[in-house]
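Report on the following structure.
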Amino acid sequence: MKSQDIRAKFLHFFKSKQHTIVPSAPMVLKNDPTLMFTNSGMAPFKEFFLGNATPKSNRISDSQKCLRVSGKHNDLEEVGYDTYHHTMFEMLGNWSFGDYFKKEAIAWAWELLTEVYQIDKDILYVTVFEGDEKDGTKMDQEAYDIWKQYIAEDRILMGNKKDNFWEMGEQGPCGPCSEIHVDIRSAKEKATIDGKLLINEDHPQVVEIWNLVFMQYNRKANGSLVELPAKHIDTGMGFERLCMVLQGVQSNYDTDVFTPLIREIGTITGAKYGKDEKIDVAIRVIADHVRAVAFAIADGQLPSNNGAGYVIRRILRRAIRYGFTFLNQKEPFIYKLTETLSLQMGKAFPEIKKQGTLVHNVIKEEEASFLRTLDQGLLLLDQVIETTKGTVVSGKRAFELYDTYGFPLDLTQLIAREKGYEVNEDEFNAGMKAQKERSRAASASETGDWVVLQEDDVEEFIGYDILTTNIKLTRYRKVTTKKDGDQYQLVFNMTPFYPEGGGQVGDVGYLEAPNGDMTYILDTKKENNVIIHFSKNLPKNVNDTFKAVVNKKFRELSANNHSATHLLHQALRTVLGEHVEQKGSLVNPKHLRFDFSHFSKVTQDELQDIEDFVNARIRENLPLEEKRNIPMQQAIDEGAIALFGEKYGDSVRSIRFGKSMELCGGTHVKQTGDIWYFKIKSESAIAAGIRRIEAITNVAVGDYFEDVERNFNTVKQLLKNPKDVSKSISALQDENTQLKKQVEQLLKDKAKNMKTELKNQLQEINGVQFLATKVDLDPNSIKNLLFELGGEINNLFVVFATAPTKEKAMLTCYISKELANERGYDAGKVVRELGKLIHGGGGGQNFFATAGGKNPGGIPKALDRAKEYIV
């Protein structure tokens, strides 16, 4: 059975059980501070389990893209070395939100596996939660009794809290679970050892394929468990493992989920899969990692140096390193796999096809960049090894290579071993541990339980129309972080404060108590569909009715910039082409930032056209046309653009200014004339195929023009207030050019006069014409002078020193090529070692090299020591 048929049968089965089939949510999560990525099938439905939102149906099923590379659920180190762990994987799932429970979940799981997929009952085992004394939970007798109806009792095994109690995090909904395991070993192996002894023992052919989670508790911050008001079902079946079972193979990588990628890797690299274990591991790593990286990019997460972006970059670099070391790939090649991936998975996940060009280009650029870094790292590692005393390379230096250049420890170890060295791994691990502890300390937080003042099903946002209203506090909690100290998170029955989202920052303002006391709102965010307001203090009387006041100026300036991003998006698509898509944005009162897909630098003429287009729409004073709570498909049919990487519900809000129409939850001006003026400040590249425009509107533009005028007046004063400023500047530039030419000629003359003097200072030592001296020339003149001397004198070995400033020193070494090639002299090695005396370093070719340092006082010693290289 092909993988596409396996997925389709699963969804069809649960559709027949009255489940609503929903598409996979993006793998990149927003509005959830506890998770970077969707790491399980239930993550997109977390708000429903928490009771913060109502699902479109009480029964849902899907195939969800998941990523596990960090935090509690982290499979990265196993990937490639075993045959059943992955970074990105599909999780087939069915959910019940307060509807059916254990009886139906177990019955349907058994029916699907044994009747629809026709898996032999004799290779299946199930586990049941045995209870936990510390939590005060008992053995899940209910699940055990249900399972007895389908499977022999000797195949029902007890599982501990680690294996059979599922929790989404330190706090939140949780509950016991039943895992279904499969034993696909050969008959001979089964006769040797009983399968039940291998459950949860990491045997590659005795694996869990489905986990049925019975959500019935809520874990509080103090660790205690309380019953949820409604019981839920959350199941997750590993799609890749299910394919392994149904396709009768012994490895996930032997299924048609991976074999097309593995074949393509072999075609591109010439590597043969199944011949050498090291090569096999490398191929499995690359096949797995390209899926994770490609889908993350397609879902809106570009590689970067921090947060979720760094996780994606790390996965890709891991794949590049395996290709570099074991498949001998010194040029980018992983990006070529994206077409195979798109053909294979584009039907089930259309985003991988739609964003194919972006994914292709981003991966290619990232590969090229890291391969350059690998080359730099190799040069630096050579220097480290050259300066190592004994045979043990400093782990501290190895960590610096990793930390600065992303140079993996295992590659450092491999190269060191080839040269007869080993790396002090304990020192490396100490550096890594210190870095992690610094990171944990910076982000450490302590969050208390919610104190519930009154039950409220829906917290209504009323801030589109109202900036001041009376509200009631429904719950609050205290949060302590190292960065911000103690803060309070407040939730109200309704709120005019806009929560951060869609690129727009959250509102600020204040609460006014009946007695006049003020509580300042410092930020507003959304977490699992709940709007949370941040404050340094808690109101004295939490049961008061408060007057909530949004900072009007802050909001209006943010709205100006947000509406301008819509007009900018329209302008980009008009001027550059309809291939342009928004890839991210930031909107605050001061400025706006807009990221978009485009594969070349935007020219100055194009930028001017874009700016003119936006300002023309502003002058037209187009009115805001807003539609709230309309069906998603209706909005799309009416021409609304859905933005990249955003998760939309069934009902959406559309914003129209003239011909610009987008789905958007942000705040906007009533008419475009409120924006006043739009000014582009910069345009730049932020990733392969991704450009960024930063711009300002309204008050910021006025400030900008005032600043320009002040600077212009200053320039005029410096130029003695000429009638034509540009003409005066042009005259200065011409004069400067002439003076530069004169200086260059003077330097040439100086060097020419110096050449004769330097020739007279040459000493012949062991057949070498040697000179080490300090000169007063610029670097370019020094280089020209040395090459002129080298053209006139054979067997030349010269070291020049110069001190341009009191804190800067420079050494330059020239060695005739006949000395370098025939006698093994190396200018690069000379300057690297002499450079230490001026507290610096450098390098170059064996006949010409330079070094810079911070200690001019070391120049005499360096010049004295230069002679040691030829005597």
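Here, each number is a calculation from the coordinates, and none is a lab measurement. Everything numeric here is computed off the predicted structure, so don't read it as measured data. With ideal geometry, Cβ positions are generated from the backbone for all residues, glycine too; neighbour counts draw on all protein chains shown.
Key figures
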{"quantity": "Trypsin sites (Lys or Arg not before Pro) restricted to the range 695-724 and DSSP loop, no more than 16 other C-beta within 10 Å", "calculated": "K720, K723"}
{"quantity": "Per-residue Cβ neighbour rank within 10 angstrom, fewest leading, S251, S224", "calculated": "S224, S251"}
{"quantity": "DSSP-assigned coil residues among GluC sites (Glu not before Pro) in the range 577-664, each with at most 13 further Cβ atoms within 10 Å", "calculated": "E578, E620, E638"}
{"quantity": "Answer label, with Rg/Rh (Cα atoms, Kirkwood Rh) calculated from the coordinates and candidates [x] 0.96; [y] 1.04; [z] 0.99", "calculated": "[y]"}
{"quantity": "Shape category assigned to the range 723-783 from the gyration tensor of Cα positions, a/c cut at 1.5", "calculated": "prolate"}
{"quantity": "Estimated Rh, the range 135-197: Kirkwood, alpha-carbon pairs, angstrom", "calculated": "14.0 Å"}
{"quantity": "Overall form of the range 446-550 per C-alpha gyration tensor (a/c, 1.5; a/b vs b/c)", "calculated": "rounded"}
{"quantity": "Expected 222 nm ellipticity per residue - DSSP helices of 4 or more, -39500 (n - 2.57), all of the chain, to 500", "calculated": "-12000 deg cm²/dmol"}
{"quantity": "Partner aspartates and glutamates for K808 [C-alpha distance under 20 Å; skip if fewer than 8 residues away on the same chain]", "calculated": "D776, D778, E833, D864"}
{"quantity": "Under 11 Å, Cβ to Cβ, from N164 - net charge with Lys/Arg +1 and Asp/Glu -1", "calculated": "-4"}
{"quantity": "Cross-link partners of K547 among aspartates and glutamates (Cα-Cα below 12 Å; sequence separation of 8 or more within a chain)", "calculated": "E512, D517"}
{"quantity": "Listed pairs K196/K231; K364/K681; K419/K829; K552/K590; K190/K275 exceeding 21 Å between Cα atoms", "calculated": "K196/K231; K364/K681; K190/K275"}
{"quantity": "Added length on full extension, which subtracts the Cα-Cα distance from 0.36 nm per residue, H12 to M432", "calculated": "146.4 nm"}
{"quantity": "The range 463-582 - charge dipole about Cα centre, Lys and Arg +1 at Cβ, Asp and Glu -1, debye rounded to 20", "calculated": "360 debye"}
{"quantity": "L592, L586 arranged by Cβ crowding within 10 Å, fewest neighbours leading", "calculated": "L586, L592"}
{"quantity": "Charge dipole of the range 555-705 about the Cα centre (unit charges at C-beta), most positive-ward option of V614, G649, M661", "calculated": "G649"}
{"quantity": "Farthest positive-ward along the range 589-715 dipole, Cα basis, beta-carbon charges - from T672, F712, Q634", "calculated": "Q634"}
{"quantity": "Dipole magnitude (debye, nearest 20) for the range 155-231, charges at Cβ of Lys, Arg, Asp, Glu", "calculated": "160 debye"}
{"quantity": "Charge dipole of the range 263-376 about the Cα centre (unit charges at C-beta), most positive-ward option of L337, A287, N306", "calculated": "A287"}
{"quantity": "Nearest 10 degrees, 0 to 90: helix 259-269 Cα axis against the chain principal axis", "calculated": "10 degrees"}
{"quantity": "Qualifying chymotrypsin sites (Phe, Trp or Tyr not before Pro) in the range 673-750, DSSP loop, other Cβ atoms within 10 Å at most 11", "calculated": "none"}
{"quantity": "Cα-centre dipole for the chain with unit charges at Cβ (Lys and Arg positive, Asp and Glu negative), debye to 20", "calculated": "2280 debye"}
{"quantity": "Within-12-Å neighbourhood charge of V830 [Cβ basis; K, R +1; D, E -1]", "calculated": "+2"}
{"quantity": "Three-way shape label, the range 3-247, alpha-carbon gyration tensor, a/c 1.5", "calculated": "rounded"}
